[in-house]
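Everything below concerns the one structure shown next.
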Amino acid sequence: MNPELPPVAPEVVAAAVEQLTSRLRKKLDAAIETYAALPVTVEGSVRRVRCGEDAEVTLAPGPSGAVTDAGQAECSCLLAPRCLHRTAVLGAAPVADADTAVETPESSPHDDGVPATSATPASGTAPGGAEAPGRSESAAEAVAPPTGPTAAQVMAAAGLWGAAAAVLAAGVPGAGAVPQAELLRAAHTARLAGLHRPEAAALRVVRAVRAARARHDGHRLADLVTALRELLLTSGLLAASDPDPALVGTARRGYRPGGGLRVHGVCREPVISATGYGGVVTHVLSDDGRWFSVADVKPGGPARARGAATATVALGSGSVDHAQLSRGGLLISGATLSPDGRLGAGKGVRATPVPGLSWTSGQLARLFRRPLAEAVAARLSGGGETAPERSGQGAEELIGCDLVVVGATEDHLFARELSPGGADGQGLLFRLVPANSHPGLAHAANFRKLAARPGLRLRVLGRLDPDRAAALRPLAVGPVPEDSATLRLPPEWRGHADLGYDRLEGAHFPSAEELPPVTGLPALPADPVTEAPLWRLRRLVEVAVSGGRRAVAEPARDGDRASGAAALRRSGFRTAADLADALAAEADRRGRDVFGRTRQADPEGYARAWLAAAVCLAGTERALVEATWQPAWQPSAGAA
């Protein structure tokens, strides 16, 4: 992927691949790899790539910044538009998000607060037009079951399932441009049918596959496994006509009227996405305790994420920038709200700057009074898994606590929660992990300064890391009230530092003499997520994705999986062992026709076996992570 190219809508890429001859399709993966490394000429919003003496590809994105129409991508060669050059350049560009793939004018529902078309109904309406349970006037209607997905949605979900199963069976090495295009076409069909959640999962799978094939530095195999599990689970249930409306999801940009709001800035968060987008999200809190966010995320990558720190907030008169909003407030009339809590900038929105709240008053002070274990339990059990695309994009509720730094190792700090009154020997012990390790941001540098000062007391606001044992990803820090061993921030910072943007200096810390001594770092129990025997199932699930069906089948024939399954059973993970055996057996399953010839392997049966193992793994790991936040798992304060 070349981040200098504009994002391209999934249907544009899929249509370009479909137009190629079978001979050119065989050359497509190599061509994408070659053209992704070519220089890009920038002329305003237009991007040009020279692919040869007589071939120059021109991409002219629309107002959304994405290529959303086939006519916006042209090639100067004689075979255009059915040429390898144009298709390869489109394949080398980032995949556009669902909400930027459909361009809307200023007067559209996107901006004026009227809800956009969505499979999730308005208040009081269920899918298919029936009145929602709990809103009906009669008891019979109140207990009526949901109507379930429509026939078109069931068909679209089945198409997504089949395309995802093919990608899983092929694995990363075999999931080239053609399987990706099939998945992108299925994602476009899902969007037309109103299946927003599985469509978003399909786009994440394509992006993660591309990152894995390109050996991108930011690629994590675990992210690809999560996205593929989400896609197969949601599409499989919808294809089976599951009536749960949560499987359908909502249009992320479906804004609705929100009336009048007074919001207070909490912190800023830089956003750098794998799709070439960059920007900032400012988290705000209303007077009644609801979380919202103001986002400014557009194509541009890390450079734009840094520059957007002081960009003007696109609300009302536009007289406030994100730095000011994160430490101030807004009085908004005619507010528009998206389903994930983002504040819209419609024509009728008016915003007036008002003084904000400090972290020690009002609703913001309440964030730090709740015991950490209680707040974490509510986050882990309240809504299941958090979709990856929500990180830095929506209005996720953040977690606050007061803590004391007790040590550091590798890329994270160890901290202990301060009990009410400032006592530091009884609270939970947990990890602080940088929210973003990109060298262009301030997170890593700030963590190094914090790590050098054990005994420092901090007020932290961050996001729970659901994949690591007792880990929190802080977005901002501030001083603990009425404590000398804490931060001393400049008055203009209004009592907190945004770790992604504000750089902590020596003058912001107390002297070494003012820091209380810290006893030896307690010996933490083994991390159950990474060191428990469950890693054997995790490795099998990940190998199935990274290497494909053959990578699972070959060791099974040699009996290597038997020892792993036996170890799982000895450790008490009997269901995990059974699912590992079933996955290995399905990977090696080969039927024969009446003439004794080997039949083509069934990708859907293999996908079902893999999905069962992946869902079991995710559920067990989530339970283990939740257990690490409980006092029973915590070491004693004086342990050596």
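The values are calculated or read from the model by the stated rules, or taken from the named source; none is laboratory data. All values derive from a computational prediction rather than experimental measurement. Glycine gets a Cβ as well: all are built from the backbone with ideal geometry, and neighbour counts include every protein chain shown. Accessible surface areas use protein heavy atoms only, side chains included; no ligands, DNA or RNA. Shrake-Rupley method; radii C 1.70, N 1.55, O 1.52, S 1.80 Å.
For the reader, a short list of remarks on this structure follows.
- When Ala444 is tested against (1) hydrophobic (A, V, I, L, M, F, W, C); (2) crowded, with 16+ Cβ neighbours inside 10 Å; (3) within 28 Å of Gly307 (Cβ to Cβ), only condition (2) is not met.
- Filter pass, Thr100 being open to solvent by 30 Å² or more (accessible area, probe 1.4 Å), in a loop (DSSP other than H, G, I, E, B), of a type in the set (Ser, Thr, Tyr) and modelled with pLDDT under 90: no
- Lone unmet requirement of (1) touching a Ser or Thr at 6+ places or on another chain (Cβ under 6 Å); (2) modelled with pLDDT of 75 or more for Arg590: (2)
- Scanning the stretch 472-484 for residues that are touching a residue at least 40 places away in the same chain (Cβ under 8 Å) and either hydrophobic (A, V, I, L, M, F, W, C) or in contact with a Ser or Thr (Cβ under 7 Å, 6 or more places away or on another chain) (or both) returns Leu472, Leu475, Ala476, Val480, Pro481.
- For Ala639: the one exception among (1) among the aliphatic types (A, V, I, L, M); (2) closer than 19 Å to Leu231 by Cβ; (3) modelled with pLDDT under 90: (2)
- In the stretch 34-63, the residues that are within 18 Å of Pro10 (Cα to Cα) reach residues that are open to solvent by 50 Å² or more (accessible area, probe 1.4 Å) and at pLDDT below 90 with C-beta atoms within less than 8 angstrom, at least six apart or across chains, in these pairs: Ala36/Met1; Ala36/Ala214; Ala60/Ser45; Pro61/Ser45; Gly62/Glu103; Pro63/Glu103.
- Condition met for Thr226 (of a type in the set (S, T, N, Q) and either buried (at least 23 other Cβ atoms within 10 Å of the Cβ) or in contact with a helix residue (DSSP H, G or I) (Cβ under 6 Å, 6 or more places away or on another chain) (or both)): no
- Each residue in the stretch 321-359 was checked for being assigned to a loop (DSSP other than H, G, I, E, B) and open to solvent by less than 20 Å² (accessible area, probe 1.4 Å), and 8 of them qualify.
- Candidate set from the stretch 498-516 (those that are surrounded by fewer than 19 Cβ atoms within 10 Å (Cβ to Cβ) and aliphatic (A, V, I, L, M)); member that is nearest to the chain's Cα centre (by Cα): Ala507
- When the test is whether a residue is under 27 Å from Lys298 (Cα atoms) and open to solvent by 20 Å² or more (accessible area, probe 1.4 Å), Asp54 does not pass it.
- If you check Gly249, Gly279, Gly236, Gly218 for being of a type outside the set (S, T, N, Q) and over 17 Å from the mean Cα position of the chain (by Cα), only one passes: Gly236.
- Applying the criterion of being touching a Leu at 6+ places or on another chain (Cβ under 7 Å) and among the small types (Gly, Ala, Ser) to the residues of the stretch 2-44, the residue that is surrounded by the fewest Cβ atoms within 10 Å (Cβ to Cβ) is Ala31.
- Of the criteria (1) open to solvent by 60 Å² or more (accessible area, probe 1.4 Å); (2) touching a residue at least 60 places away in the same chain (Cβ under 8 Å); (3) not hydrophobic (A, V, I, L, M, F, W, C), which one Gly462 fails: (1)
- Yes/no for Pro6 being touching a residue at least 40 places away in the same chain (Cβ under 8 Å), under 27 Å from the mean Cα position of the chain (by Cα) and part of a loop (DSSP other than H, G, I, E, B): yes
- Of the residues screened, Arg213 is not one that is touching a residue at least 40 places away in the same chain (Cβ under 8 Å), of a type in the set (D, E, K, R) and open to solvent by less than 30 Å² (accessible area, probe 1.4 Å).
- Residues that are under 23 Å from Gly307 (Cβ atoms), part of a loop (DSSP other than H, G, I, E, B) and out of contact with any strand residue (DSSP E or B) (no Cβ under 7 Å at 6 or more places or on another chain) within the stretch 457-510 comprise Pro490, Arg494, Asp502, Arg503, Glu505, listed in sequence order.
- Filtering the stretch 377-397 to residues that are open to solvent by 20 Å² or more (accessible area, probe 1.4 Å) and at pLDDT below 75 leaves Ser381, Gly382, Gly383, Gly384, Glu385, Thr386, Ala387, Pro388, Glu389, Arg390, Ser391, Gln393.
- Among the residues making up the stretch 271-316, those that are at pLDDT below 85 and open to solvent by 20 Å² or more (accessible area, probe 1.4 Å) are Ser273, Ala274, Lys298, Pro299, Gly300, Ala314, Gly316.
- The condition of being at pLDDT 90 or above, open to solvent by less than 10 Å² (accessible area, probe 1.4 Å) and over 29 Å from Glu621 (Cα atoms) holds for only one of Gly400, Gly495, Gly478, that being Gly478.
- Residue match in the stretch 528-543 (condition: at pLDDT 85 or above, open to solvent by less than 30 Å² (accessible area, probe 1.4 Å) and touching a Lys or Arg at 6+ places or on another chain (Cβ under 9 Å)): yes
- Qualifying helices (runs of 4 or more DSSP H) (wholly inside the stretch 157-242; at least 2 residues being more than 23 Å from Ala96 (Cβ to Cβ) and modelled with pLDDT under 95): 221-239
- Looking across the stretch 282-330, the residues that are under 22 Å from the mean Cα position of the chain (by Cα) and on the phi > 0 side of the Ramachandran plot come down to Gly300, Gly301.
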